[in-house]
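> I am attaching a structure below and will ask some questions about it afterwards.
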Amino acid sequence: MNATQQYLEQLFANGNLPVTEARNKLLQQFCQDEVNSKAVTEILTYQNMLMDKWQLFNRITTIQEQPFTIPNATAGKPYEAVIDRDQQGWVDMEVIELNGLEDTGLQYDAETGSITGTPTAHGDRKLVLRYRLQQEPEEAEPHEKSIPLVINPNPRLLWKNLGSDATDLYWKEDDIAFTAPLGGKLLVAASKRGRSHANTGGFRDDDIAYGHFGQTGWSVIAVADGAGSAPLARQGAKLAVNAVVNYFTPALTGDGLPELELLLQEYNHGTGADTQKKLNQQIYTHLGKAALYAHKQLEAFAHTKEVALKDLHSTLLFVLLKQFAFGYAVLSFSVGDGVIGLVNTDQTAAMLMNRLDVGEFGGGTRFITMPEIFKNELFYTRFGCKVVDDFSHLFLMTDGIFDPKFVTEAALEKPEKWQELIRDLAGENEDGKKVELSPDNTQVAEELSAWMDFWSAGNHDDRTLAIVF
Amino acid sequence: MRRLPVYLLLDTSGSMFGEPIQALNNALSGMMNTLRMDPQALDSLWLSIVTFDREVKEVVPLTELVSFQLPEIVCPQSGPTHTGQALQLLYEKVGREVRKGTTEQKGDWRPLLFLFTDGKPSDIQLYREMIPKIQSLNFAAVVACAAGHLADDSMLKELTQHVVHLATADSSTLKQFFKWVSDTIEQGNKSMGTVESLTLPAPPAELNLVI
């Protein structure tokens, strides 16, 4: 049975004219008629044409409807994305060109289907993929599939540096840096407004104060970080650090702290009875009172100015330092997420001198403004005491330094992280910025200040770092 | 690095069909453009979008802003508003996605929640059951936005103290609202106490804060 006959038999059957066994011969004759067989051939040709057309139409629509995205790019950052036809099931596609990459700094490689380059501009682009299917003739009009491309701006270039309002009642300098001799050691410190504040013309919320009292040989260094969410935090931090220095000034310019000093000596020599206990009591008394004094000063300020105490929220950490004949005594207190670290002479060991108040969420810390910290049973854990022959570095830092340089609290317990920080300060960093910690370096404060501009994605808080070396 | 997780819960029930959903899409896209120009957000912001109608869908899982691709938000022509179910999904997501600080891991900033609706929950019982759970997640701020005269402010007041009422869900009002959302997001990564609520920026005149 030939194709014509087969087709007609099917046609007649569909039209309810089934060809019976007896009429088979007649159908053969019917097929031999040239007009009839030609008509069938034509019908079949048209049918095939329609089927092909439908298939193509359907295929293109499928491709057009298929969701397809490429990853976002970021200006200034090398980018690579592939329009992978195999993966998309577009094996029958012939790409003619990809439009829309003009002036972006990105190029399309038709051979590999990849988009590469480093974007020089940002914005939302609509790329247009022009293609033909293999079954289409070359002269056929190409189809267009649009592919959105987001190019993020380079975040580094978006930061603005707006000066803070110098006429503000509680204005303070955006950046400070200084050095101060502390007996046999030198203090270098810088406190800088973070990019997040510079971007909005905000104030530096960190603060630092120190005192060195030649008469008794004691030094005090206090660092504070005002809470970003508290409107007068900058003033809170300033009051807190000054309060600590002011609290100790009368005693340290007078008789010193004789009882404490004697206990430190006994402690070091291993003499006396209950020395540890008595020493703890002394530290608790002197440093605890200083902390409470800072709290009271803030409370009084809030009361006088009729502002809420929480508007002055600030962390506070401070150390008392003195060189004795037997070595150095370092005493500390802290509330908040600042860090006090003491690195030994040969830099093989580092001691974290304080317990950080780090909440389960970022920024959830404790402040000197919170009365409850003084009543808490863990208040005694806020103090530290270390007696050493000598040391290479004593660091005090706010979270603006701790977050980018150590990231986690666990890292503070690792000597290698402290060694890393020391090497970083010595110039091992991507900008090659160096702080030469030498008593002869008259530029050390400026160097530290410049070093503190280091870039760290996501870490744009105020930064304060004090180093005793 | 500290992330700031932000959750958007969007009402896509039948009443949003047509012009409102169009306006919502435009406003979202405007908000994305604003956020992308904020260097702080580019560094730390992570966003997730959940839509709710009869079905609750995680349209975009928690994704960092630099990689975020805004899909077109669509809605059915009719159907109920399963706000409670959306809160249920959110509760699971936050528990799973938001990183808490440990000695080995940096904690995220406290997350923010923005809920946008033009009606009232059809699943009131579940909605009310979820409220204390959502409040236990310690969001830095939960902002509920009621758009149009059919939206029920009092129901939203049960969830949060921050309820914003928009007279209409037209394009320019929604744009204003989502501009304010982006301003609020920009406030989100600051140190604060562990339980204090975020101070919201002043809303534009078009937004009525429901007291």
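> Would you please name the residue that is farthest from the other protein chains (Cβ to nearest Cβ), looking only at residues in the range A:73-82 that are open to solvent by less than 80 Å² (accessible area, probe 1.4 Å) and over 19 Å from the mean Cα position of the chain (by Cα)?
A:V82
> If I ask for residues that are under 25 Å from B:Q187 (Cβ atoms) and of a type in the set (S, T, Y), which ones from the range A:203-236 would you list?
Of everything in the range A:203-236, just one residue is under 25 Å from B:Q187 (Cβ atoms) and of a type in the set (S, T, Y), namely A:S229.
> Taking the range A:211-223 only, how many residues are buried (at least 23 other Cβ atoms within 10 Å of the Cβ) and of a type outside the set (V, I, T)?
3
> Would you tally the residues in the range B:127-158 being open to solvent by less than 40 Å² (accessible area, probe 1.4 Å), part of a helix (DSSP H, G or I) and touching a Leu at 6+ places or on another chain (Cβ under 8 Å)?
So the count comes out to 5.
> Scan A:G226, A:G236 and give me the residue that is away from chain B (no Cβ under 12 Å), within 24 Å of B:A140 (Cα to Cα) and within 31 Å of the chain's Cα centre (by Cα).
Every option except A:G236 fails the conditions.
> Another question, then. Would you pick out the residues in the range A:261-283 that are out of contact with any strand residue (DSSP E or B) (no Cβ under 6 Å at 6 or more places or on another chain) and touching a residue at least 60 places away in the same chain (Cβ under 8 Å)?
The answer is A:E261, A:Q265, A:Y267, A:L279, A:N280.
> Kindly evaluate A:T179 against the criterion of being hydroxyl-bearing (S, T, Y) and buried (at least 16 other Cβ atoms within 10 Å of the Cβ).
Criteria met by A:T179.
> Checking B:S67 against (1) small (G, A, S); (2) under 14 Å from the mean Cα position of the chain (by Cα); (3) within 27 Å of A:F68 (Cα to Cα), which single condition isn't satisfied?
(2)
> If I ask for residues that are within 19 Å of A:L465 (Cβ to Cβ) and either more than 22 Å from the chain's Cα centre (by Cα) or not assigned by TED's automatic domain parsing to the domain that holds A:K185 (or both), which ones from the range A:380-414 would you list?
A:G384, A:F391, A:S392, A:H393, A:L394, A:F395
> Also: Sort out which residues of the range B:100-125 are out of contact with any Ser or Thr (no Cβ under 8 Å at 6 or more places or on another chain) and within 7 Å of chain A (Cβ to nearest Cβ), and write them in order of number.
B:K100, B:G101, B:G107, B:D108, B:R110
Table: residues versus (1) open to solvent by 20 Å² or more (accessible area, probe 1.4 Å); (2) of a type in the set (A, V, I, L, M); (3) free of Cβ contacts under 8 Å to residues at least 60 places away in the same chain.
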position: A:L186; (1), (2), (3): yes, yes, no
position: A:A189; (1), (2), (3): no, yes, no
position: A:R193; (1), (2), (3): yes, no, no
position: A:G202; (1), (2), (3): no, no, yes
position: A:D206; (1), (2), (3): no, no, no
position: A:G226; (1), (2), (3): no, no, no
position: A:V241; (1), (2), (3): no, yes, no
position: A:T249; (1), (2), (3): yes, no, yes
position: A:L252; (1), (2), (3): no, yes, yes
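> So, of the residues in the range A:52-72 that are surrounded by 11 or more Cβ atoms within 10 Å (Cβ to Cβ) and charged (D, E, K, R), which turns out to be farthest from the other protein chains (Cβ to nearest Cβ)?
Checking each candidate, the answer is A:D52.
> Identify, by number, the condition in (1) crowded, with 19+ Cβ neighbours inside 10 Å; (2) at pLDDT below 95 that A:P119 doesn't meet.
Condition not satisfied by A:P119: (2).
> Mind checking which pairs have a first residue in the range A:291-315 that is of a type in the set (D, E, K, R) and a second that is open to solvent by less than 30 Å² (accessible area, probe 1.4 Å), Cβ under 7 Å, 6 or more apart or different chains?
Correct list of pairs: A:K310/A:A230; A:K310/A:T369; A:D311/A:A230; A:D311/A:L232.
> Identify all residues within the range A:141-150 that are part of a loop (DSSP other than H, G, I, E, B) and open to solvent by 70 Å² or more (accessible area, probe 1.4 Å); write none if there are none.
Listed by number, the list holds a single entry, A:E141.
> Examine the range A:326-339 for a residue that is open to solvent by 10 Å² or more (accessible area, probe 1.4 Å), assigned to a strand (DSSP E or B) and either touching a helix residue (DSSP H, G or I) at 6+ places or on another chain (Cβ under 8 Å) or assigned by TED's automatic domain parsing to the domain that holds A:L263 (or both), and state whether such a residue exists.
Yes; the residues of the range A:326-339 include at least one that is open to solvent by 10 Å² or more (accessible area, probe 1.4 Å), assigned to a strand (DSSP E or B) and either touching a helix residue (DSSP H, G or I) at 6+ places or on another chain (Cβ under 8 Å) or assigned by TED's automatic domain parsing to the domain that holds A:L263 (or both).
> Mind checking which pairs have a first residue in the range A:83-104 that is open to solvent by 80 Å² or more (accessible area, probe 1.4 Å) and a second that is among the hydroxyl-bearing types (S, T, Y), Cβ under 9 Å, 6 or more apart or different chains?
Once the first residue is open to solvent by 80 Å² or more (accessible area, probe 1.4 Å) and sits in the range A:83-104, its partners that are among the hydroxyl-bearing types (S, T, Y) give A:E94/A:Y131; A:D103/A:T120.
> Tell me, which strands (runs of 3 or more DSSP E) wholly within the range B:1-117 include 3 or more residues that are in contact with a Leu (Cβ under 8 Å, 6 or more places away or on another chain), closer than 24 Å to A:V358 by Cα and open to solvent by less than 20 Å² (accessible area, probe 1.4 Å)?
So the answer is B:4-11.
> Determine if the range A:124-140 includes at least one residue that is open to solvent by 70 Å² or more (accessible area, probe 1.4 Å) and touching a helix residue (DSSP H, G or I) at 6+ places or on another chain (Cβ under 8 Å).
Yes; the residues of the range A:124-140 include at least one that is open to solvent by 70 Å² or more (accessible area, probe 1.4 Å) and touching a helix residue (DSSP H, G or I) at 6+ places or on another chain (Cβ under 8 Å).
> Within the set of pairs 6 or more residues apart or between chains, which connect a residue that is within 17 Å of A:N154 (Cα to Cα) inside the range A:453-469 to a residue that is of a type in the set (S, T, Y) with Cβ atoms less than 7 Å apart?
Filtered contacts from the range A:453-469: A:G458/B:S44; A:H460/A:S196.
> Out of (1) more than 20 Å from A:I151 (Cα to Cα); (2) within 14 Å of chain A (Cβ to nearest Cβ), what's the single condition that is false for B:Q77?
The failed condition is (2).
The values are calculated or read from the model by the stated rules, or taken from the named source; none is laboratory data. In this text the structure is predicted, and so the values were computed from the model without any measurement. Because the Cβ atoms are built from the backbone with ideal geometry, glycine has one as well, and the counts that use them run over all protein chains shown. Ligands, DNA and RNA are excluded from the accessible area calculation, which covers all protein heavy atoms including side chains. Shrake-Rupley method; radii C 1.70, N 1.55, O 1.52, S 1.80 Å.
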